[in-house]
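Undergrad: The following block contains the structure, expressed as structure tokens.
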Amino acid sequence: MTDLTRRSLLRTSAAAGTAALAGFPALAQTLAQSREITVTALGGVWEEAVRKSFVAPFEQKTGAKANVLLGSPPQWLSQVEANPQNPPIDVIITTPDLAITAAKTDLLDPFTTERLPNLADIPEEFTKALSGKGTVFDYGVAGITYNKKTVKNPPKSFREFVDRTAAGEWTASLPGLTYAVTPIMLIWTLAKALGGGVENVDPFFQAMARMRKNVVFWGGPNDFFNHLSSGEADIGIYFDGRTWAHVDAGADWMDFVNPSEGGSINALAVIKPKNAKPLAWDYIDVMLSPEAQLRFATMLNYPVTNRKVVYPDALKRRFTPWQQAHFPPYEEIAKVRSSWVDRWNREIRG
């Protein structure tokens with residue numbers, strides 16, 4: 001067959017295929033939709049980071065389309081739970097505790113290196129923590145953020161932070177009960193640092209009783225920044241990534257310390273609902289790749305989990321290695337969380 005004849009045959013076949021699909025619009029639509037997936041993102045700069053770091057390279061690599069859905073993890077999981085046979089979302093970004101709950105209800109597919117080659121470069125601790133049905137792809141550490149102008153000698157440990165707050169050396173801003181992860185980043189973290197843990201949070205409540213007169217509470221991350229910038233507080237428990245974002249925005253009077261006991265890891269995970277489109281695996285593998293993760297880390301000032309990522313020096317100095325922090329026991333905390341909330345309402349009321 002000559003090249004000319006071959007080219008003519010290909011053109012004829014393509015035209016015939018197009019004509020056939022034109023006669024079956026439903027089939028054409030189904031085929032087009034099979035090359036589209038729905039993925040999730042939080043709002044603001046988060047959405048921008050997801051689009052640039054994950055969506056763009058996925059679409060370039062596969063020729064498929066990833067539609068970004070904004071919202072919150074509980075909302076997305078509810079949508080999947082309502083239609084598990086044909087989930088409306090193919091890839092979900094969520095908190096580890098919700099991922100663990102979804103894994104228990106058999107809503108998720110297991111993660112394997114056969115499906116996700118880049119998973120081999122994610123420390124297995126981040127996948128095991130989610131029962132193998134998802135993995136952590138980025139994280140922050142909740143430690144001590146302070147105003148360098150008013151706190152010249154910051155505490156090096158949580159224990160020192162508690163003692164000096166109780167002594168009235170400064171006013172501390174702490175996450176209040178209205179903030180969703182307070183039981184993890186404050187109650188469990190301080191209890192553990194002071195000799196307790198999930199089964200014994202007395203050290204936390206005893207510390208709060210000592211500090212209470214010198215404490216204000218924040219209900220959202222912006223509240224904390226407002227406390228420090230207005231002078232209402234000088235120091236507090238906050239996230240490293242958000243601290244650096246404020247510094248980059250001009251608040252160069254802020255700084256962060258990972259306490260010697262190790263702050264708590266506050267992570268985000270990626271999961272795939274059962275029966276989601278197979279293209280979801282390609283998208284997740286892009287998410288876990290070192291190139292995509294480095295771009296994401298650079299945009300959001302949070303470290304990522306692929307061990308092959310090489311940070312620029314400016315980021316490396318800021319990021320806390322996950323081995324120097326503590327991964328919360330989400331499943332155990334979930335069992336006692338309500339009792340902690342009740343005790344907070346009785347003893348702290350803030």
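A short reminder: the numbers here are calculations on the coordinates, not readings from a lab. No experiment lies behind these values; they were computed from the predicted model shown. Backbone-built Cβ (ideal geometry, glycine too); neighbour counts: all protein chains shown.
Undergrad: What FRET efficiency, computed as 1/(1 + (r/R0)^6) with R0 = 25 Å and r the Cβ-Cβ distance, is obtained for V336 and E160, rounded to the nearest 0.05?
TA: 0.40
Undergrad: Moving on to the next point. Want the number for K61 to M299: 0.36 nm per residue separation, take away the alpha-carbon distance, what's left?
TA: Value of the extension gain: 83.5 nm.
Undergrad: Under a straight-distance cross-link criterion of Cα-Cα below 15 Å, which aspartates and glutamates are reachable from K192, leaving out those fewer than 8 residues away in the same chain?
TA: Result set, ordered by chain and number: E160, D202, E261, E332.
Undergrad: Once the dipole of segment 182-281 is set up with Lys and Arg at +1 and Asp and Glu at -1 on Cβ about the Cα centre, which of H246, A269, I235 lies farthest towards its positive end?
TA: Toward the positive end, the furthest listed residue is A269.
Undergrad: Is segment 228-286 rounded, prolate or oblate when judged by the Cα gyration tensor, a ≥ b ≥ c being the square roots of its eigenvalues, rounded requiring a/c under 1.5 and prolate requiring a/b larger than b/c?
TA: Taking the square roots of the gyration eigenvalues as a ≥ b ≥ c, segment 228-286 is prolate.
Undergrad: Ranking request for peptides 256-263, 232-239, 183-190, 119-126: highest mean number of other beta-carbon atoms within 10 Å first, then the rest in descending order.
TA: Taking the mean over residues of other Cβ atoms within 10 Å, the ranking is 183-190, 232-239, 256-263, 119-126.
Undergrad: Ok, one more. Which FRET efficiency value, to the nearest 0.05, do you get for N83 and D252 by plugging their Cβ-Cβ distance into 1/(1 + (r/R0)^6) with R0 = 45 Å?
TA: For N83 and D252, the calculated efficiency is 0.40.
Undergrad: Sequence gap at least 6, Cα distance under 8 Å: using those rules, report the relative contact order of the chain to the nearest whole percent.
TA: Relative contact order here is 25 percent.
Undergrad: Return the lysines within reach of K274: Cα separation strictly under 22 angstrom, same-chain partners fewer than 8 residues apart disregarded; answer none if there are no such residues.
TA: K65, K104, K128, K133
Undergrad: Starting from the 7 Å offset along Cα-to-Cβ, what nm value, one decimal, do you get for the label separation of T105 and N226?
TA: Here the modelled spin labels are 3.4 nm apart.
Undergrad: Amide H to amide H under 5 Å from N266: which residues, 5+ apart in sequence or cross-chain, H placed 1.01 Å off N in plane?
TA: Residues meeting the amide H criterion: G140, V141, A142.
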